[in-house]
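Remarks on the structure that follows.
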Amino acid sequence: MDGSWLILAGVGLFAGVMAGILGIGGGFIIVSLLVALNYPFPQAVATSSLVIIMNSSAGSFYNWKMGYLNLQRVIYLAIPAIIFAPLGAYLTGEISEYILLIVFASFMLINIALIQLKQSIAAKQHQSTQAFNPVAARAITGGLAGFLAGLLGIGGGVIMVPLQMLLLNEDIKTAVRTSLGVIVTATISSCVYHLSQGNVLFIPGLILGISGMVGSQLGTRLLPKMSNSLVSKVFNLFLVSMALFNFWKAWISYQNLS
């Protein structure tokens with residue numbers, strides 16, 4: 001690897017800061033920027049999984065140490081996540097890269113709506129809502145998070161948290177802490193499969209992971225000083241920009257197949 005390690009360190013730091021500010025795993029940022037650095041999509045996804053394991057494990061350990069983590073809640077969601085994560089990882093190697101890039105870019109745009117939904121639910125969480133069947137709700141929430149972790153290299157927390165609040169009637173703090181614990185198990189499950197395929201890049205992953213852990217600490221300290229509207233605008237602008245970039249990369253990939 002050449003001097004791009006400095007770029008990787010910057011990517012990891014930025015992803016960590018955004019993760020600390022927005023309470024997400026940073027997978028969207030890591031995968032997008034690895035693709036921008038011309039890493040193949042399967043390697044970007046696999047390496048992102050390694051980074052998310054490092055970041056999410058650190059956060060979950062802190063939550064557990066402080067008594068904030070309910071292991072029973074984590075286990076209920078982790079079981080379907082562990083089952084479906086290898087399926088997503090398997091499909092990463094079976095689906096054409098341009099299709100994966102289109103799915104990834106599309107999910108970025110969906111992510112904007114999900115974040116808005118999460119914020120809307122958080123603002124109204126004092127209102128009582130009827131919960132869905134808890135077994136089905138956990139299977140859907142955990143399974144979808146695991147599948148996306150394997151397929152796209154994202155933690156899945158951004159979709160888990162709104163679903164936990166919608167389907168399981170959990171408050172946002174409980175949902176965030178539980179999802180972080182589930183993310184660890186889901187990404188380990190998908191990362192094991194990616195390891196068997198030789199897609200995990202350890203040196204870039206370690207650089208991204210270590211700098212990301214530093215960035216997440218900075219992000220949590222910056223968050224109280226930033227307005228919610230500013231955070232939302234910055235992140236939405238980033239997602240739209242990277243979605244357009246990945247759509248363009250998908251077009252280039254499709255053209256190369258022709």
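The values are calculated or read from the model by the stated rules, or taken from the named source; none is laboratory data. Just so you know, these numbers come straight off a predicted model, no measurement behind them. FYI the Cβ positions are ideal-geometry reconstructions off the backbone, even for glycines, and counts take in every protein chain you see.
Odds and ends about this structure:
- The number of residues in the range 39-69 that are at pLDDT below 85, over 16 Å from the mean Cα position of the chain (by Cα) and not aromatic (F, W, Y) comes to 5.
- When residues in the range 36-70 are screened for being part of a helix (DSSP H, G or I) and either in contact with a strand residue (DSSP E or B) (Cβ under 6 Å, 6 or more places away or on another chain) or of a type outside the set (F, W, Y) (or both), 22 of them pass.
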